[in-house]
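The values are calculated or read from the model by the stated rules, or taken from the named source; none is laboratory data. Bear in mind the structure is a predicted one, so any value in this text is a computation, not a measurement. Because the Cβ atoms are built from the backbone with ideal geometry, glycine has one as well, and the counts that use them run over all protein chains shown.
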Amino acid sequence: MLPSDQAYAYSKQGVLVELDTVKPQGIVYCETPRDVSTAIEFARDNDIAVHTRSGGHSLAGWSTGQGMVLDVSRLNRVSVGHHTVRLGPGVQSIDALAALKPYNRQIVTGTCATVRQGGYISGGGFGFQVRKFGVASDRLVSARMVLSDGRIVRASERMHSDLFWAIRGGGGGNFGVVIDFEVRPISAPRMVYFDTLWPWDKAQEVITAWQEWCYSGSNNLGSTLNVLLRDGAPGNVPIIKINGGYHGPQSEIEQALNELAAEAGATPSLRTVQELPYDEAMKAVYGCEQLTVQECHRAGSNSDAKIRRTPFLRERTRLLDRPTGSSGVADLLAAFEANRRPGHITYLYFTALGGVANEVPRAQTAYVHRGAEFFVACATLLSDGQPPAEEAEAAMVWPTHAFNIIDPLSSGESYLNFPNPDLGDWRQAYYAENYSRLVSVKRRYDAPNFFRHPQSIGS
Ligand SMILES: Cc1cc2nc3c(=O)[nH]c(=O)nc-3n(C[C@H](O)[C@H](O)[C@H](O)COP(=O)(O)OP(=O)(O)OC[C@H]3O[C@@H](n4cnc5c(N)ncnc54)[C@H](O)[C@@H]3O)c2cc1C
């Protein structure tokens with residue numbers, strides 16, 4: 001797809017509207033492994049930079065840029081074997097559900113319907129299944145990749161084992177183009193989905209209690225807590241939403257929610273708990289329970305698709321090895337209130353991690369965050385993809401302030417799948433002691449540094 005083509009404007013889009021200003025020389029839609037090799041060869045011979053794209057969710061814009069966008073979204077087959085499931089990099093979370101349902105198989109996915117496997121598994125991959133089943137990359141059995149010299153290799157424990165080590169958490173866009181993932185499915189035919197809203201005047205108690213609740217809770221529990229202010233105009237009150245998936249009997253999570261309420265000294269204003277077939281529970285997680293699978297795709301991708309893109313986002317994230325404690329929560333809430341601004345959507349978002357994911361040694365795969373108990377994100381969203389400079393600058397104030405509070409309470413590590421160009425210590429934050437081994441793998445498999453972006457391995 002070239003700039004002169006009618007479909008170019010859509011084809012260059014990723015999840016962020018603000019990145020629509022980026023104008024690649026062309027977008028190459030690959031439908032076979034051979035297409036991928038040919039595209040790489042063409043780019044190499046003509047000295048064109050390549051940006052691999054599966055779902056276009058990279059918040060740092062690493063799947064677009066000047067040069068060629070090498071799109072593998074059409075490599076989206078799902079096939080089921082005896083013990084494993086094969087997924088093309090272009091498989092979206094929502095599509096995996098539908099494709100695997102007839103086989104009564106499930107896999108680890110995140111909480112977003114349209115994220116695709118290409119970036120998600122390569123960077124680690126967590127969701128409500130993480131404490132019981134580990135991160136998605138821990139369940140990888142093998143992956144086929146096209147390398148910068150055009151070779152197609154399969155990486156596994158037995159073949160190209162160092163490459164296999166690296167692509168389990170080392171991140172997309174570094175070593176080659178993954179064209180096929182083979183994963184061990186999970187066994188979760190049913191899941192309890194729960195959704196609760198809590199009073200704002202009990203925010204500090206609720207957030208503090210929720211952190212402890214997850215930290216000492218069962219590995220069956222997956223949960224997020226979101227403090228969300230839809231408009232910072234005076235008088236508007238944030239919501240506190242706690243939701244999640246429970247891989248056990250409904251009665252257990254009902255009881256646990258009672259305990260959370262008692263500990264927080266608060267009563268949720270909304271509480272729904274439903275044990276459902278896994279695909280229905282996950283559709284609720286995605287906010288797609290009222291939509292068909294086709295409708296639960298990014299708007300524009302098919303005529304029924306309804307999921308809107310994110311116009312403009314400024315976000316800082318960190319990983320925490322333990323709860324922040326009540327005083328940390330109080331500081332964050334004070335900053336949240338102090339930085340509200342009319343027209344700005346702001347949030348403070350926690351995801352519970354840990355469990356089985358943390359039973360794996362730090363150096364066993366490139367995904368190093370084996371002490372992480374929480375992922376925390378502090379963000380401003382604007383409804384205009386190209387806001388005036390003053391608004392864009394103001395959007396950084398809350399995430400920056402929050403990051404300065406959370407950083408000393410954190411492990412100093414950050415999750416690569418939420419990349420941040422402002423992270424000075426990104427090598428340490430994303431990879432810690434695994435970084436030097438990643439550099440050796442990079443030298444071995446992509447010596448010319450063909451696959452690169454502003455925070456790629458070896459840069
Ligand atoms: C709204 C939203 C919700 C999210 N929710 C979660 C969540 O619940 N859990 C979670 O873990 N993460 C979550 N993420 C982060 C998500 O996992 C990452 O953005 C992931 O990298 C997206 O992969 P992608 O293929 O869709 O995006 P892309 O932008 O296409 O790819 C991301 C990176 O991987 C590279 N890449 C893509 N495909 C390939 C490939 N086939 N081979 C090699 N490199 C490739 C790209 O070059 C880029 O560097 C979320 C992100 C967003 C925007």
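Has the range 349-364 got any residue that is of a type in the set (A, V, I, L, M, F, W, C) and free of Cβ contacts under 8 Å to residues at least 40 places away in the same chain? No, because not a single residue in the range 349-364 is of a type in the set (A, V, I, L, M, F, W, C) and free of Cβ contacts under 8 Å to residues at least 40 places away in the same chain.
The sole residue among Ser142, Ser148 that is hydroxyl-bearing (Ser, Thr, Tyr), touching a Pro at 6+ places or on another chain (Cβ under 7 Å) and not assigned by TED's automatic domain parsing to the domain that holds Gly265 is Ser148. Residue count for the range 161-183 satisfying the condition of being surrounded by 16 or more Cβ atoms within 10 Å (Cβ to Cβ), touching a residue at least 40 places away in the same chain (Cβ under 8 Å), more than 10 Å from the ligand (Cβ to nearest atom) and not small (Gly, Ala, Ser): 5. Selection of the range 201-251 for residues being within 21 Å of Ala264 (Cβ to Cβ) and without any contact (Cβ under 8 Å) to a residue 24 or more places away in the chain yields Asp201, Ser216, Ser251.
Within the range 105-137, if we keep just the residues that are among the hydroxyl-bearing types (Ser, Thr, Tyr) and surrounded by fewer than 24 Cβ atoms within 10 Å (Cβ to Cβ), the residue that is farthest from the ligand (Cβ to nearest atom) turns out to be Thr114. Residues in the range 296-353 that are out of contact with any Asp or Glu (no Cβ under 6 Å at 6 or more places or on another chain) and among the aromatic types (Phe, Trp, Tyr) were compared, and the one that is farthest from Ala9 (Cα to Cα) is Phe336.
For the residues Ser414, Ser327, the requirement of being in contact (Cβ under 8 Å) with a residue 40 or more places away in the chain and of a type outside the set (A, V, I, L, M, F, W, C) singles out Ser414. So in the range 14-63, with the set limited to residues that are within 13 Å of the ligand (Cβ to nearest atom) and part of a helix (DSSP H, G or I), which one is farthest from Ser4 (Cα to Cα)? Out of the qualifying residues, it is Pro33.
Restricting attention to the range 340-355 and to residues that are part of a strand (DSSP E or B) and of a type outside the set (Val, Ile, Thr), the residue that is nearest to Tyr246 (Cα to Cα) turns out to be Ala352. Screening Gly424 with (1) part of a loop (DSSP other than H, G, I, E, B); (2) more than 20 Å from the chain's Cα centre (by Cα); (3) modelled with pLDDT of 95 or more gives one miss only, at (3). Listed conditions (1) surrounded by 14 or more Cβ atoms within 10 Å (Cβ to Cβ); (2) within 15 Å of Ser223 (Cβ to Cβ); (3) more than 21 Å from the chain's Cα centre (by Cα) are all met by Glu259, apart from (1).
Restricted to the range 66-104, and to residues there that are part of a strand (DSSP E or B) and surrounded by fewer than 20 Cβ atoms within 10 Å (Cβ to Cβ), the residue that is farthest from the ligand (Cβ to nearest atom) is Val80.
Residues are listed down the side, and each one gets a yes or a no for (1) at pLDDT below 95; (2) out of contact with any helix residue (DSSP H, G or I) (no Cβ under 8 Å at 6 or more places or on another chain); (3) of a type in the set (S, T, N, Q); (4) assigned by TED's automatic domain parsing to the domain that holds Pro102:
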{"residue": "Ser251", "(1), (2), (3), (4)": "no, yes, yes, no"}
{"residue": "Leu276", "(1), (2), (3), (4)": "no, no, no, no"}
{"residue": "Glu295", "(1), (2), (3), (4)": "no, yes, no, no"}
{"residue": "Pro311", "(1), (2), (3), (4)": "no, no, no, no"}
